[in-house]
Amino acid sequence: FALSPAFHRDNSSYTVAIPSTVGKIKVSAQAETGISADVVDGPVFDIAEGGSAVIKAKAVPPNDPISAKEYDITVRRASASDSSNADLASLELESKYIGAHKDFKESPAPFDKATIAYTCKVNASCDEFFIKASPDEEHAHMTVSVNGAAPTPLASGVETKFTPLLIGTHTFAIKVIAQNAVSEKTYTITVTKAGGSYALRTLHISGIPDFYSEWFKEYE
């Protein structure tokens, strides 16, 4: 079962959801060379249906046990009656430049929970991309993976910023995992940022002052 977020040695807190059909979970840990790994009271744990447990793992330096680093894994076991709804209820996309709204060059299609793929093109000056999503069932869990990277949790109803948005094509994969920890659905957003600039570098027109590209807004 996948940790959420994906494991990183500097992060000490994780969650795991398991289906109602799984009554036991085994946890194994491996430390770096010269350090011992310990799963406290493990490695096999019984989890009651509909219940949860916090499992602790430690990385212990043999010559300095007081400096052990502790990791907490909260494991939740679903109930047989839990919802299998893995739809999104809403999805809002936004592009910005230094915090200010920038219109899409090509807007994504209106959201429909049955539509799982969206495409859009952003202005070349856009440097921030935002996603705001909510699951259709409040107990479902969402993660997002950017360009194939490890997934990270996506908070419900929160506008989440992704930056820098570099020139090229970017893929945001939002996975919704239902309350029953079995059903899941992935919504894909493909964002293209074209190269080039929309700012003038030079301008020669009689009757106006000298032009400076950094002040091109004043000439609109």
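The values are calculated or read from the model by the stated rules, or taken from the named source; none is laboratory data. The structure presented is a predicted model; accordingly, all values stated were derived computationally and were not measured. No Cβ is skipped: glycine too gets one built from the backbone with ideal geometry, and neighbour counts run over all protein chains shown. Surface accessibility is based on the protein's heavy atoms, side chains included, excluding ligands, DNA and RNA. Shrake-Rupley method; radii C 1.70, N 1.55, O 1.52, S 1.80 Å.
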FRET efficiency (Gln30, Thr186; Cβ distance; R0 35 Å; to 0.05) is 0.75
Accessible area per residue, 1.4 Å probe, Å², for the chain: what's the number? 60
Could you give the length gained on full extension between Phe162 and Arg9, defined as 0.36 nm per residue of separation minus the Cα-Cα distance, in nm? 52.8 nm
Given contacts defined as C-alpha pairs under 8 Å and at least six residues apart, what's the relative contact order of the chain, whole-number percent? 18
Tell me the label-point distance for the pair Ser125, Phe111, using the 7 Å Cα-to-Cβ offset, in nm and rounded to one decimal. 2.8
List, in the order given, every pair from Lys132/Lys193; Lys24/Lys113; Lys69/Lys96; Lys56/Lys161; Lys58/Lys185 whose Cα-Cα distance in the structure shown is over 29 Å. Lys24/Lys113; Lys69/Lys96; Lys56/Lys161; Lys58/Lys185
Along the charge dipole of the chain, Cβ charges K/R +1 and D/E -1, which of Pro151, Ile66, Gly34 sits furthest on the positive end? Gly34
Which of the peptides 144-150, 17-23 is most tightly packed, and how do the rest follow, going by the mean number of other Cβ atoms within 10 Å of each residue? 17-23, 144-150
According to a simple spin-label model (label point 7 Å from Cα along Cα-to-Cβ), what is the distance in nm between Glu94 and Ala194? 2.5
Just subtract the alpha-carbon distance of Ser52 and Ala155 from 0.36 nm times their residue separation and send over the number in nm, one decimal. 35.0 nm
Over the chain, with every protein chain in place, what whole percent of the accessible area is carbon and sulfur at 1.4 Å, could you tell me? 52
Per residue of the range 104-117, in order, report the coupling 6.51 cos²θ - 1.76 cosθ + 1.60 (Karplus, θ = phi - 60°) as ³J(HN,Hα) in whole Hz, putting x for Gly and Pro. 5, 6, 9, 6, x, 5, x, 5, 9, 4, 7, 9, 9, 10
With viscosity set to 1.567 mPa s at 4 °C, what whole-number translational diffusion coefficient in µm²/s follows for the range 142-183 from Stokes-Einstein and a Kirkwood radius over Cα pairs? 111
Total charge dipole magnitude, the range 27-163, about the Cα centre, Cβ charges on Lys, Arg, Asp, Glu only, Debye to nearest 20: 360
All-pairs alpha carbon distance profile, the chain, 5 Å steps from 0, percent: 1, 6, 12, 13, 13, 11, 10, 9, 8, 6, 4, 3, 2, 1, 1, 0, 0
